[in-house]
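Everything below concerns the one structure shown next.
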Amino acid sequence: MGSEAIKKLEDLYTANTYARYDVVLAEGSGSRAKDPEGREYIDFTSGIGVNSLGFCDPGWVAAVQAQAGILQHASNLFYSDPCARAAEKLVMLTGMSSVFFANSGAEANEGAIKAARKHSFMKYGQEAGDGFDRYRIVTLAGSFHGRTIATITATGQSGFHKYFTPFLQGFDYAETNDAASLKATVTDKTCAIMIEFVQGEGGVIELDAGFVGEIVGLCKERDILLIADEVQTGIGRTGKFMAYDHFGVRPDIVTVAKGMGGGLPAGGVIFGEKTKDALGQGDHGSTYGGNPVVCAGVDYVLSKFLDGNGEPDRGFLGNISKKGKYFREKLLAIPGVKGVSGLGLMLGVDIGDIDAKAVCKEAASRGLLLLTAKSKIRLLPPLNIEHPDIDEGLEILAESIAAV
Ligand SMILES: *Cc1c(COP(=O)(O)O)cnc(C)c1O
């Protein structure tokens, strides 16, 4: 089908929940994609941080295709090889204890919320009796944790809180990078604090090191669990394997998704020493979670972060940081760019009063795919993007800003 026919059918037959660009993607390779008519686009989006190795990385395709022809699904009633390998790598790369595989970021966060509540109940529930109320979770203003009822409640943005009441109980919101607000929000009923170390959807906003220190201190002092939502920031995106590695922090629970599967729907709740036994048999589950084809993709993506001996390979991460710095320098030289936020290849471009959505639309018409985050342009290019693609894309971005 041609672009016009595809757009017409999707508009007719899919639920109208997305404001879409006027772009149809038919195929891709590396950091470039084409529409059905063969028009080419440079990709600074990775499908919202998902295609971490770009479109159709040959090694990734081979791993996924092979697994699809061997055993496509088993369910968690049975053991399977890709799940075992992916889990081992994830635990090795994080130094955590175990992982529960889910299918998406929101689902991973649901698992984390359940685990935090149960951990608190097992530790403090008996003494409190029926009046157990140490189940509250503190999240931050501007955060984004997903689209399910629990995770929109966790999301600290009132825009997501319209229409869908009644919400789940038990969430409190502190101001981001505001220690006084945090201290006023945490109470003796708080069981966990859930944070993004770099807020993605909220505008690519990094937490201050001092604020993170306050969070860690409070968690320690009051036996509160720290949940890191690394759904967008994790798996190398920021130039460290996890964004918390920039802050020297060890969370109790880490959630991942987006970039982990390299393009297949994969999520994970990763448990540390303290929380690894929080969820027991029958407490949680997922029919698709740990699916062999998906885990073959996960295993391949994770293998990029390990060297031939199975040890963490700093080279891959180092290149992500270097490319991030290169992006930043070049972005700051573009007229109209007021500042650049973010870490590694997760970048927020502040263009002041210029309309970011209009720039994205203009860029799409000129052959560059971009994202927004609040009033900023957000860049989440493939982690292995090559310099010619970066340069050409940034030229189109400069032209697009100038045109708007
Ligand atoms: C995208 C995102 C989610 C939700 O992930 P889905 O896979 O869309 O459910 C949760 N948290 C953060 C930080 C995200 O960026």
Provide the FRET efficiency to the nearest 0.05 for the ARG39-ALA402 pair, computing r from the beta carbons and using R0 = 22 Å.
0.50
Just order 179-192, 153-166, 306-319 by mean Cβ neighbour count inside 10 Å, highest at the front, would you?
179-192, 153-166, 306-319
What residue among ILE205, PHE271, GLY129 has its Cα farthest toward the positive end of the dipole of the chain, where the charges are +1 on Lys, Arg and -1 on Asp, Glu, each on the Cβ?
GLY129
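If you stretched the chain out fully between LYS276 and SER98, how much longer would it get, using 0.36 nm times the residue separation minus the C-alpha to C-alpha distance? Numbers along the way, then the final one.
Details: separation 178, 0.36 × 178 = 64.08 nm, distance 0.64 nm.
Gain on extension, LYS276 to SER98, equals 63.4 nm.
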Whole-Å semi-axes of the range 1-98's equivalent ellipsoid, largest first, each the root of 5 times a Cα gyration tensor eigenvalue?
33, 17, 15
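Sort PHE171, PHE121 so that the residue with the fewest other Cβ atoms within 10 Å of its own Cβ comes first and the one with the most comes last. Write down the numbers at each step before the final one.
Numbers: PHE171 19, PHE121 16.
By the 10 Å Cβ count, ascending: PHE121, PHE171.
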So how long is each side of the range 225-272 along the principal axes, counting just the alpha-carbon atoms, biggest first, in Å?
29, 21, 12
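Determine the dipole magnitude for the chain: charges of +1 sit on the beta-carbon of Lys and Arg, -1 on that of Asp and Glu, nothing else is charged, the reference point is the Cα centre, and the result goes in debye to the nearest 20.
Details: 40 positive and 50 negative charges, 66 e Å.
Around 320 debye, computed over the chain.
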Go ahead and estimate [θ] at 222 nm for the chain from helices alone: -39,500 (n - 2.57) per DSSP H run with n ≥ 4, summed, over the residue count, rounded to 500.
-11000 deg cm²/dmol
Structure shown: which of LYS240/LYS325; LYS34/LYS330; LYS34/LYS325; LYS240/LYS338; LYS34/LYS374; LYS338/LYS374 lie over 19 Å apart, alpha-carbon to alpha-carbon?
LYS34/LYS330; LYS34/LYS325; LYS240/LYS338; LYS34/LYS374
Counting Lys and Arg as +1 and Asp and Glu as -1 over every other residue whose Cβ sits under 13 Å from the Cβ of GLY289, the net charge comes to -2
What length, rounded to one decimal in nm, is gained on full extension from TYR79 through to GLN65, with 0.36 nm per residue of separation minus their alpha-carbon distance?
3.0 nm
Roughly how tilted is helix 387-403, in degrees to the nearest 10 and between 0 and 90, from the longest Cα axis of the chain?
80
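Relative to the compact-globule scaling 2.2 N^0.38 Å, provide the ratio for the alpha-carbon radius of gyration of the range 63-143. Walk me through the intermediate numbers first.
Working: Rg = 17.7 Å, N = 81, 2.2 N^0.38 = 11.7 Å.
Dividing the Cα Rg of the range 63-143 by 2.2 N^0.38 Å gives 1.52.
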So for the chain, what percent of the C-alpha to C-alpha distances run longer than 41 Å?
13
Going by alpha carbons, how many degrees (0 to 90, nearest 10) lie between the helix axis of 356-365 and the longest principal axis of the chain?
40
Final fewest-first order of VAL359, VAL256 on the 10 Å Cβ neighbour count is VAL359, VAL256
THR372 long-range amide H proximity, modeled H, under 5 Å
ARG378
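Among SER3, SER104, which comes first, then next, by fewest other beta-carbon atoms within 10 Å?
Working: SER3 16, SER104 21.
By the 10 Å Cβ count, ascending: SER3, SER104.
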Eligible lysines near LYS274 by straight Cα distance, threshold 22 Å, same-chain separation 8 or greater:
LYS89, LYS114, LYS118, LYS123, LYS189, LYS220
Enclosed volume per residue, in Å³, of the convex hull spanned by Cα atoms of the range 301-393
102
Helix 292-303: angle to the longest alpha-carbon principal axis of the chain, degrees 0 to 90, nearest 10?
80
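Any read-out appearing in this document is the output of simple, stated calculations on the displayed coordinates, not a laboratory observation. If you're wondering where the values come from, they're calculated on a predicted model, not measured in any experiment. When we count neighbours, we look across all protein chains shown, and the Cβ atoms used for this are built from the backbone with ideal geometry, even at glycine.
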